[in-house]
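Q: The following block contains the structure, expressed as structure tokens.
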Amino acid sequence: MDESRLPVPLARVALRVIPESVLNRLTYLLIRRMQKIHPGLFQNLARLDAATVCIEPSDLPYRFVLKFGQGPTSLRTAPRAGYSCDAAVKGKLESLLNLLEGRIDSDMMFFSREIIITGDTAVVVALRNTLDREEIRLLDDISAMCGPVSNPARKVIVRVNKFMDHIKTSMKNAHERRYSRDADETAAKLECARLQEEIKALKFRLAKFEVRGKRMDASAL
Amino acid sequence: MRSSYLELVCPAGTPAALHAAVAAGADTVYCGFRDCTNARNYPGLNFDMDEMIAGVTYAHEHGCKVLVTINTFPRAGQEKSWHQAVDNAAIAGADAIILADIGLLDYATRSHPGLRRHLSVQASAANALSILFYREHFDIKRVVLPRVLSIEDVASLIQQTEMETEVFAFGSVGPMSEGRCFLSSYMTGLSPTHEGVCAPASHVVYQDDNHCIKSCLGSVTLNKFSKDEPAAYPTPCKGRYEANGRTSYLFEEPIGLNAVDILPQLKAAGVTALKIEGRQRSRAYVSKVVGTFRKALDDLAAGTQTHGSGDLKTMAEGGRETSGAYKKGWR
Amino acid sequence: MTENQNTQNSPAGKITLGPLFFHWTAEKRRDFYFRIADEAAIDSVYLGEVVCSKREIFFKEFLPVVSERLQKAGKEVIVSTLALVTSKREMSTVSAYADAGFMVEANDVASLQALHGRPHVIGPFINVFNESTRDYLVKNNATRIVLPVEMAAESVDRLAGGGAATEIEVMVFGRQPLSVAMRCYHARAHELNKDSCQFVCGLDQDGLQTNTVDQQPILAVNGTQTMSHGYVVLLQELAKLQNMGVSHFRLSPQDVDMARVSHVYRNVLDRKCDPAEALETLKAVTDTVPFINGFWHGSEGFAWVENRA
């Protein structure tokens, strides 16, 4: 398993308990740190048209506003109501983080509706493409921000990750054991495919009759 | 040697994607400049001149070729930018350029006779006569075949022309003859043939409409779908329409093209190269799809069984796959 | 209006009848072209199947008699070829026309190869978007170029003017062809496919109306071809087109009184009728189908832009 990944459950818990003012201070520091590590990314962001994007993790009490283009980039929490952005990206925190780090293809999440985009699609596309030009490892950036305690913190995080992965795998295995009906499923799938073929053939024949009927109507006129 | 080896041609929308493609086992990558001279002119995508030079250098150091795509049609009075792109590709050290416009092919042939020319899918050369025309007039070395042909058609074309061919192996199912489809400009006023963008994001709007999502291109409603229904790209040919009293995906379903299961047939047909589409996709997509095809091609070369396409399904448009026009009955 | 002045200075221009895109019965086609020969104000007629090679056999027997009648009536006859050539059979059809000595409208680059540099017309399905492409094709013996339907006024101005060594034709009436495909959408709309199509495209003599899911009529399907729902009508723009150097004005056959349509356009080209008045006359001929001119004005193709001239 990938050890340099930010443990999402931990992040989720942390983000839920950290007061908003502290959170804003942290995001400010994070952006500043990232500017040092990824100068190219911020140059590219500055090349874009000015825009604000609301990032809405569906499993968090906060929304974030990312401002970029034609000036400095900023990230802060959004006021609860009455704030309008050019576009919004909604999804689980994990999906959004995977997206940021380029682990997962955003079009795929879009096809499967894991993330939902509203507002000015062009803004989101520009942001996505610009982020994807850069290798971002959020965990590295965050631990770099922690200074001297970064190494011990990293070790804890890696251990948490391993633990979470272990739990996930055993739950998955248990689930599969409990519901292993592979044999039945194959038979059912085959039956389904056969029926679909049959329906298709019937529809096809019906269509031919319909056309014949239409033609007779037309010539009767 | 070449005839028994299928070359894997991979998309690089950004320098990061180029690195990912090289790492995943691409034989060749293709990319474009950051302007309307290529058919994937999306915001934030593509290469400026410095990035192009660095990209070509990096690829060459790793034994990988670079094709530069200049496959839109220059607008009257503005041909200079397209000529510049051809010149820049030559300066950057590209191994070939991919072109579609007759005037631009003529320019490249006269100005850079030594730079290999490939015929883009946008030129829609779907028969032997057309291919011979482009070869006789512009000495093209390879043709990218339109996605409207069956495997039998492809084999017959190769036999008739003895031309190097590149065919689409993964990406979109393009139901229309490419380079000659004006549906997107009909709905938005922006032309893919000149601007290099079909269904420009600036004109795409998703509306959350009570348990249902509505996708619009400009003022035209393309589709309404429930929240758990798979989505397609918001292009006019992937919308739902009502005709003859029925509402359906009249042109094409939300489905992606995947030819991984028919690689042996493509090889037998005499295809030179396989093209993975997706310069607009992320580097995660590039790694995954290129990696899968690399393995499948290596298995094919070694004579071992290819393991199905199961793992690419999530990457495909609409989360579903087809072998498209390659198999008869599609049309 | 400075009517007299205009009449003296402006080039009049020729009216052409583009190839019939729809699948009419052979008899209907024959009668249609006979009427064109006898009554229409049309100088050139393009005959031939552009959309689907499966339809080709139906009209073949009438082709000689129709072209003879048209030529006797003093009209130039040009043979239009398929827009998307894929099979060997289709290639031999294209080659046969090229070798038979007809004046051919090439709609696929395949025709250009078959013509071996003999004089020909470039149809709207071959992309000619800029000066270099135009000049290259002229060098290859294109005597007339029909510009792509997508082209805006500014580009037409550049291609028609500036010493174009060729005649330039622009489509000014009818449903605009927007795409060609291998797949038959008409068959799909009837849950059939191209190989077993039952020629359902013949059921819709003017194209199959296609609506968005919000019930907005937007496209017309005609076999493998997709067209605009509205008729493009460049009547108010004719004078500008003439001044740019456009020499030929194409009317695309629809299931309406095309002879009358031709007279409406002739009168405006000859400055015998005011465009606004002509527009009203045309509306009476075309019934409920909306008019469009968006591409010409650089906006959405399906839009209607009022002329500010």
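Q: Per the Cauchy relation, a quarter of the hull surface: what is the mean projected area of the convex hull of the alpha carbons in the stretch B:190-248, in nm²?
A: Mean projected area for the stretch B:190-248: 4.8 nm², to one decimal.
Q: I've got another one for you. Assign unit charges at the C-beta atoms only (+1 for Lys and Arg, -1 for Asp and Glu), then state the dipole size of the stretch A:1-145 relative to its Cα centre in Debye, rounded to the nearest 20.
A: 520
Q: Moving on to the next point. Which aspartates and glutamates does A:K189 reach when only Cα atoms under 19 Å apart count, and residues fewer than 8 places away in its own chain are ignored?
A: Within the straight-line cut-off, A:K189 pairs with A:E176, A:E197, A:E198, B:D311, B:E321.
Q: So what's the gap between the Cα centers of the stretch A:3-77 and the stretch B:32-83, to the nearest angstrom?
A: 31
Q: Now for a different question. Explain nothing, just the number: dipole magnitude of the protein assembly as shown about its Cα centre with +1 on each Lys and Arg Cβ and -1 on each Asp and Glu Cβ, in debye rounded to the nearest 20.
A: About 1860 debye.
Q: Loop-only check: which GluC sites (Glu not before Pro) in the stretch A:86-148 are DSSP coil with at most 15 other Cβ within 10 angstrom?
A: Passing sites in the stretch A:86-148 are A:E135.
Q: Whole-Hz Karplus ³J(HN,Hα) for the stretch C:108-120, in order, using 6.51 cos²θ - 1.76 cosθ + 1.60 and θ = phi - 60°, x for Gly and Pro?
A: 9, 4, 3, 4, 4, 5, 5, 7, 6, x, 6, x, 7
Q: Mind pulling the per residue volume of the convex hull built on the Cα atoms of the protein assembly as shown? Å³ is fine.
A: It is 184 Å³ per residue.
Q: Given the convex hull over the Cα atoms of the stretch A:8-172, what projected area results after averaging over all orientations, in nm²?
A: 10.2
Q: Given the protein assembly as shown, what percent of its DSSP beta bridges are antiparallel, to the nearest 5?
A: Around 45 percent antiparallel, to the nearest 5.
Q: As a footprinting exposure proxy, order B:E51, B:E317 by other Cβ within 10 Å, with the fewest listed first.
A: Lowest count first: B:E51, B:E317.
Q: Across peptide B:44-51, how many C-beta atoms of other chains are within 10 Å of each residue C-beta, on average?
A: The mean count of partner-chain Cβ atoms within 10 Å per residue comes to 3.
Q: Taking loop as defined by DSSP and a crowding limit of 15 other beta carbons within 10 Å, which GluC sites (Glu not before Pro) in the stretch B:152-216 fit?
A: Passing both the DSSP loop test and the Cβ count: B:E162.
Q: Treat each spin label as a single point 7 Å out from the Cα along the C-beta direction, and report the A:K36 to A:D217 distance in nm.
A: Here the modelled spin labels are 7.5 nm apart.
Q: Mind checking the mean number of beta-carbon atoms from other chains within 10 Å of the Cβ atoms in C:295-301?
A: 5
Q: Taking all pairs of different Cα atoms in the stretch C:232-309, averaging 1/r and flipping that mean, what Kirkwood radius in angstroms comes out?
A: 13.1
Q: Tell me, B:Y326, B:Y107 in order of fewest to most beta-carbon neighbours within 10 Å?
A: B:Y107, B:Y326
Q: What pairs from C:K60/C:K194; A:K203/C:K54; B:K214/B:K327; C:K14/C:K72; C:K14/C:K139; A:K162/B:K313 go past 25 Å between their alpha carbons?
A: Among C:K60/C:K194; A:K203/C:K54; B:K214/B:K327; C:K14/C:K72; C:K14/C:K139; A:K162/B:K313, the Cα-Cα distance tops 25 Å for B:K214/B:K327; A:K162/B:K313.
Q: Determine the relative contact order of chain B: mean sequence separation of Cα pairs under 8 Å and six or more apart, normalised by residue count, in whole percent.
A: 21
Q: Ok, one more. Using the count of nearby Cβ atoms within 10 Å as a rough guide to exposure, how do A:R12, A:R25, B:R180 rank from fewest to most?
A: Fewest-to-most ranking of A:R12, A:R25, B:R180: A:R25, A:R12, B:R180.
Q: With θ set to phi - 60°, apply the Karplus curve 6.51 cos²θ - 1.76 cosθ + 1.60 along the stretch B:128-137 and write out the HN-Hα couplings as whole Hz, x wherever there is a Gly or Pro.
A: For the stretch B:128-137, the Karplus-derived couplings read 5, 4, 4, 4, 5, 4, 5, 6, 5, 7 Hz, x marking Gly and Pro.
Q: What fraction of the DSSP beta bridges in the stretch A:8-172 is antiparallel, stated in percent and rounded to the nearest 5?
A: The answer is about 70 percent antiparallel.
Q: Report the dimensions of chain B along its three principal axes from the alpha-carbon atoms, largest first, rounded to Å.
A: Computed over chain B, the largest-to-smallest principal extents equal 58, 54, 39 Å.
Q: Oh, and also: Loop only per DSSP, at most 14 neighbouring Cβ atoms within 10 Å: give me the trypsin sites (Lys or Arg not before Pro) in the stretch A:28-114, ordered by residue number.
A: Filter output for the stretch A:28-114: A:R80.
Q: Pick from C:V128, C:V256, C:V104: which is most flexible by mean-square fluctuation in a GNM of chain C where alpha carbon atoms under 10 Å apart are linked?
A: Judging by the Gaussian network model, the answer is C:V256.
Q: How large is ³J(HN,Hα), in whole Hz, for each residue of the stretch A:123-132 in order, when computed from phi with the Karplus curve 6.51 cos²θ - 1.76 cosθ + 1.60 and θ = phi - 60°, using x for Gly and Pro?
A: Coupling constants for the stretch A:123-132: 4, 5, 4, 4, 5, 4, 4, 5, 4, 6 Hz.
Q: Moving on. Taking beta carbons within 10 Å but only from partner chains, what does the mean come to for residues A:112-124?
A: Mean inter-chain Cβ contacts per residue within 10 Å come to 5.
Q: 5 Å is the cut-off here: which amide hydrogens, built 1.01 Å from N in the peptide plane, fall below it relative to C:A181, excluding neighbours closer than 5 in sequence?
A: Sorted by chain and number, the residues that satisfy this are B:S177.
Q: Looking only at trypsin sites (Lys or Arg not before Pro) in DSSP loops with at most 15 other Cβ atoms within 10 Å, what is the longest site-free stretch of chain C?
A: C:1-271
Q: I need the semi-axes of the equivalent ellipsoid of chain C: take the C-alpha gyration tensor, multiply each eigenvalue by 5, square-root it, list largest first in whole angstrom.
A: Equivalent ellipsoid of chain C: 28, 24, 20 Å, largest first.
Since every read-out is calculated from the coordinates, none of them should be taken as a lab result. Quick caveat: nothing in here was measured; it's all calculated off a predicted structure. Because the Cβ atoms are built from the backbone with ideal geometry, glycine has one as well, and the counts that use them run over all protein chains shown.
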